[in-house]
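> Okay, handing you the structure first.
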Amino acid sequence: EDCYLNKYFFINCTNSSTSVPQPVLQNAINVTDISLEGQVHLMQDIASDCYDKNGSLLGNISPWMRLSKRFTFNSTANKFIVVGCDAYGIVYGFGQNRSYTTGCVSFCDYKEDVIDGSCSGIGCCRSDIPPGAWNITVNLTSYSNHTDVWDFNPCSHAFVVEEKAFNFSADNLTNISSDLSLPVVVDWTIEDGSC
């Protein structure tokens, strides 16, 4: 307690009966690593968009992460990724009096068309995120409610993730859990100005 620069840098350890204490930033965001070179690794929830066989929506999750201006998403280490065969995802960001929107589209007709390790728009797409954002929101939707691909892809997912922490495979079309959290790299600074 009181051993931090200001409230934006407060990291608390939560106790869990099943594991070791977990460090959390701003009492909500899991911290997995801190570097004195100005980076912190945080865990972020993923967006999901799921349908039943008839195309009725089962659930849509649009996660967001709000940080202070002392913490910005690293635009080099992180990528925006959409996984699915009937999906388009959008990431909204705000930082330093600017806002941005970017996204990508992912399609495929057959699971056999999907190539492991490739994120070029067939089952998976990847996009850069602009620098300087400290707030992001991820939205995800479908063109045809997965009715044409439901048997091998009932859900799509989207997330900002540390690029080296995610390697796409065709199995991701069915094996990603909607309650998954993935790491993002955030730059931190203690003074106003650029890093």
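The values are calculated or read from the model by the stated rules, or taken from the named source; none is laboratory data. Everything numeric in this text was worked out from a predicted model, so none of it was measured. Neighbour counts are summed over all protein chains in view; Cβ atoms, including those assigned to glycine, are modelled from backbone coordinates with ideal geometry. Calculation scope for accessible area: heavy atoms of the full protein, side chains included, ligands and nucleic acids excluded. Shrake-Rupley method; radii C 1.70, N 1.55, O 1.52, S 1.80 Å.
> List the residue pairs whose Cβ atoms are under 9 Å apart, where the first residue sits in the stretch 108-120 and is hydroxyl-bearing (S, T, Y), the second is surrounded by 12 or more Cβ atoms within 10 Å (Cβ to Cβ) and in a loop (DSSP other than H, G, I, E, B), and the two are 6 or more positions apart or on different chains.
Close Cβ pairs satisfying both conditions: Y110/C85; Y110/V149; Y110/F152; S118/F168.
> Follow-up. Pairs please, first residue from the stretch 62-88 and over 14 Å from I29 (Cα atoms), second anywhere and basic (K, R) and open to solvent by 10 Å² or more (accessible area, probe 1.4 Å), Cβ atoms under 9 Å, 6+ apart in sequence or on different chains.
These pairs meet every condition: A77/K164; K79/R126; F80/R126; I81/R126; V82/R126; C85/K111.
> Which residues, counting only those in the stretch 11-50, are small (G, A, S), in contact (Cβ under 8 Å) with a residue 24 or more places away in the chain and within 30 Å of G84 (Cβ to Cβ)?
Residues satisfying the conditions are A47, S48.
> Filtering the stretch 65-87 down to residues that are part of a loop (DSSP other than H, G, I, E, B) and open to solvent by 50 Å² or more (accessible area, probe 1.4 Å), which residue is nearest to T137 (Cα to Cα)?
K69
> Which ones in the stretch 1-33 are of a type in the set (A, V, I, L, M, F, W, C), open to solvent by 50 Å² or more (accessible area, probe 1.4 Å) and within 18 Å of M65 (Cα to Cα)?
I11, A28
> List the strands (runs of 3 or more DSSP E) inside the stretch 1-41, counting only whole elements, that have at least 2 residues being modelled with pLDDT of 90 or more and not basic (K, R).
On the way: elements: 11-14, 22-25, 29-35.
Qualifying strands (runs of 3 or more DSSP E): 22-25, 29-35.
> Looking only at strands (runs of 3 or more DSSP E) that lie completely in the stretch 88-164, which have at least 2 residues being at pLDDT below 95, within 19 Å of the chain's Cα centre (by Cα) and surrounded by fewer than 19 Cβ atoms within 10 Å (Cβ to Cβ)?
98-107
> Here's something else I'd like to know. Would you check if S178 is among the polar types (S, T, N, Q), part of a strand (DSSP E or B) and closer than 13 Å to V83 by Cα?
Considered against the rule, which asks whether it is among the polar types (S, T, N, Q), part of a strand (DSSP E or B) and closer than 13 Å to V83 by Cα, S178 comes out as no.
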